[in-house]
Amino acid sequence: MNAHITGTGRFIPPDILTNQDLSRMVDTSDEWIASRTGIRTRHIARDMSACDMGEAAARAALDTAGLSPADIGLVVVSTTTPDRPLPSLACDLQLRLGLENAFCFDIGAACSGFIYALDIAALYLRTGGVTHALVVCAEKLSAITDYTDRRTCVLFGDGAGAVVLSAADKPGGLLASYLAARGDGGAALHCAPGGCIQMEGQEVYKFAVRAMPEAIEKTLAKAGRNVTELDFIIPHQANIRIIQSVMHRYGLPPDKVAITIDRYGNTSSASIPIALDELAREGRLRPGALLLMTGFGAGLTYGATLFEWSV
Ligand code: COA
């Protein structure tokens, strides 16, 4: 059995926070934010919870997969901002969506959460225990962002992305993945209970430009594939300069690299599935397309996964 992505969905909250808005809140400017990060706008979930956003993204993914809630056997949610400590956001989604046949849990891998969650779900599909799994990344980073700290508040946005993974006895789907963590770097990006995100920006930057190439190369090596064979790469959207460093390193042209950071900022683990859903709905993912997704984040965690698109 191979694990294939059979549906995608996203939800972006309607309220927009522009660089101009932020320049009225802290000592910053559109020019500084755009040139240092590539971000122009981010969306904020003012009256919505992570669960509300995750529900909308999950409904869209189920719809594109053509499945009913009862078909789902597993729900894995990645979130840094669950609505409450207990029960898990995955169980709340089960209730809201009527996923009566699923077992459900959340994982904590911060911005690498989609890469981690996909791999976990795929293991259950491959061993035959589950036929369809729902992976949901729902992030309300505005709830843990200090809007008086210019070093962090310009970076983050809210949103959700989801995919349905389905087991099928046909080639393609998830080809290889690589997950890693470096707890000794965890102090560079953290958040205390009830507090806001604290970050050593340059430390995280240096980590990111080493971690993504490592994950890309290890994953491709596992699959016996080469970077020149890739049709698309979806990097975690944290800073356009981090993405560009990966593009330059491998000579990747802009039309092969998904970029949403200008519009949505850093939506943590939701950034990759949001970009994936955009590519899929634009009809740019043809069957056989080779797609690499790679992320990094608090932990410090990082990883990559390689898919052959099959729907
Ligand atoms: N507006 C204006 N000035 C700002 C600012 C802002 N929003 N944020 C920081 N500055 C200032 C700093 O105070 C500093 O001023 P100083 O030299 O007078 O002390 C100056 O800009 C340079 O700060 P520095 O931190 O060196 O900037 P940078 O080029 O490293 O960019 C980040 C900062 C955060 C954009 C960048 O380090 C980054 O993107 N890091 C990775 C973060 C990340 O990916 N986090 C999420 C991981 S999932």
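Quick check on the stretch 201-213. Is at least one of its residues assigned to a strand (DSSP E or B) and more than 22 Å from Leu141 (Cβ to Cβ)? Checked the stretch 201-213: no residue is assigned to a strand (DSSP E or B) and more than 22 Å from Leu141 (Cβ to Cβ). If you take the residues in the stretch 255-311 that are assigned to a strand (DSSP E or B) and among the aromatic types (Phe, Trp, Tyr), which one is farthest from the ligand (Cβ to nearest atom)? Of everything passing the filter in the stretch 255-311, Phe307 is farthest from the ligand (Cβ to nearest atom). For the stretch 60-92, the tally of residues that are over 18 Å from Ala143 (Cβ atoms) and in contact (Cβ under 8 Å) with a residue 24 or more places away in the chain stands at 17.
Check the stretch 46-64 and report whether any residue there is basic (Lys, Arg), closer than 20 Å to Ala238 by Cα and touching a Leu at 6+ places or on another chain (Cβ under 8 Å).
Step one: filter the stretch 46-64 for residues basic (Lys, Arg), giving 46, 59.
This time we only want the ones that are closer than 20 Å to Ala238 by Cα, so: none.
No - not one qualifying residue is present in the stretch 46-64.
Looking at (1) more than 30 Å from Asp71 (Cα to Cα); (2) not hydroxyl-bearing (Ser, Thr, Tyr); (3) not assigned by TED's automatic domain parsing to the domain that holds Ile261, which one does Val163 not meet, given that it meets all the others? Failed condition: (1).
Considering every residue within the stretch 237-249, establish whether at least one is within 28 Å of Asp63 (Cα to Cα) and within 16 Å of the ligand (Cβ to nearest atom). Checking the stretch 237-249: at least one residue is within 28 Å of Asp63 (Cα to Cα) and within 16 Å of the ligand (Cβ to nearest atom). Condition check for Gly173 on (1) in contact (Cβ under 8 Å) with a residue 12 or more places away in the chain; (2) more than 27 Å from Pro85 (Cβ to Cβ); (3) within 16 Å of the ligand (Cβ to nearest atom): one failure, at (3). Among residues of the stretch 234-255 that are free of Cβ contacts under 8 Å to residues at least 24 places away in the same chain, those with a beta-carbon under 6 Å from a residue that is of a type in the set (A, V, I, L, M) and surrounded by 14 or more Cβ atoms within 10 Å (Cβ to Cβ) at least six positions away or on a different chain give the pairs Met247/Val257. Of the residues making up the stretch 1-37, those that are assigned to a loop (DSSP other than H, G, I, E, B), within 16 Å of the ligand (Cβ to nearest atom) and of a type in the set (Val, Ile, Thr) are Val26, Thr28.
Listed here are the strands (runs of 3 or more DSSP E) enclosed by the stretch 40-137 that have at least 3 residues being closer than 28 Å to Ala215 by Cα and not basic (Lys, Arg): 74-78, 103-107. May I ask you to verify whether Arg210 is farther than 22 Å from Gly108 by Cβ and within 16 Å of the ligand (Cβ to nearest atom)? Against the criterion (farther than 22 Å from Gly108 by Cβ and within 16 Å of the ligand (Cβ to nearest atom)), Arg210 qualifies.
On the basis of being over 30 Å from Met1 (Cβ atoms) and away from the ligand (no atom under 16 Å from the Cβ), does Ala192 make the cut?
Working: over 30 Å from Met1 (Cβ atoms): yes; away from the ligand (no atom under 16 Å from the Cβ): yes.
Here the answer is yes, as Ala192 does meet what is asked.
The values are calculated or read from the model by the stated rules, or taken from the named source; none is laboratory data. Just so it is clear, the model here is predicted, and its values are computed rather than measured. Neighbour counts run over all protein chains shown; Cβ positions are idealised from the backbone, glycine included.
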